[in-house]
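S.K.: This is the structure I want to talk about, given as structure tokens.
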Amino acid sequence: MASFCPKCGSALPANEQFCKSCGSAAATPAAAPVKSGSSAVKIILIIVAVIVVLFMLVVGVIGYGIWRVSRNIHVNGADGQMTLQTPEGKVNLNSSETFTAAELGTDPYPGAQSTRGGMKMDMPDGTMVTGVYLTSDSKQQVIDFYKAKFGSGAMVMESSDGAVVSYNKDQKEAVVVTITANSSRDSGKTRVTITHTKNTKTP
């Protein structure tokens, strides 16, 4: 294909960089158009590959975490007791374990039957024990019992179907008794949940 000098118009031989008539530089041939379609496909493929790798990493991390937790859970006995061992301590869950008055920080309500929901946590900084009981006595009878038990240090908050009686033995130990009376639950019995927390960390 013939080309011409951009300054004087003289014909230029192929691949000639300067015009022999006027000495001007020959015009630079237009660059070949870039095929944008193939570049876009490559970019999309790279992005997809990165997303897939990230997804696999996330799945791997989650799977490893589940595996670590599953190794720390041990189910023992026919009573459904479950022990969760963690680096920070041990949690014992038992459907109907009966705790002592010392563990609960107070006496269980007289005549109440232990039921599902008991729990004991042993942590580096302290312990928490929860016992759950059912009684045929009324909500008010249970409130009066624990008010008398805790004396002037008792704090009571009541609602129409429940109450909370709390008592701080000192700055490191507290007992909270939650009383729930729900006629449609527990066959009309009153549920008594005692939670005892104790901080053993030295200042």
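Where a number appears in this text, it was derived from the coordinates with a stated rule and is not lab data. From a predicted model like this one, the values you see are computed outputs, not experimental measurements. Because the Cβ atoms are built from the backbone with ideal geometry, glycine has one as well, and the counts that use them run over all protein chains shown.
S.K.: For region 168-185, list residues with backbone N below 20 Å from a point placed 7 Å from the Cα of Met157 toward its Cβ?
M.R.: 168-182
S.K.: What full-extension length gain, to one decimal in nm, is calculated for Ala148 and Ile43 as 0.36 nm per residue of separation minus the Cα-Cα distance? If you can, show how the numbers build up before the last one.
M.R.: Working: separation 105, 0.36 × 105 = 37.80 nm, distance 7.57 nm.
Separation in residues times 0.36 nm, less the Cα-Cα distance, equals 30.2 nm.
S.K.: Further question: Hey, which lysines would be in cross-link range of Lys7, C-alpha to C-alpha under 27 Å, not counting anything within fewer than 8 residues on its own chain?
M.R.: Lys20
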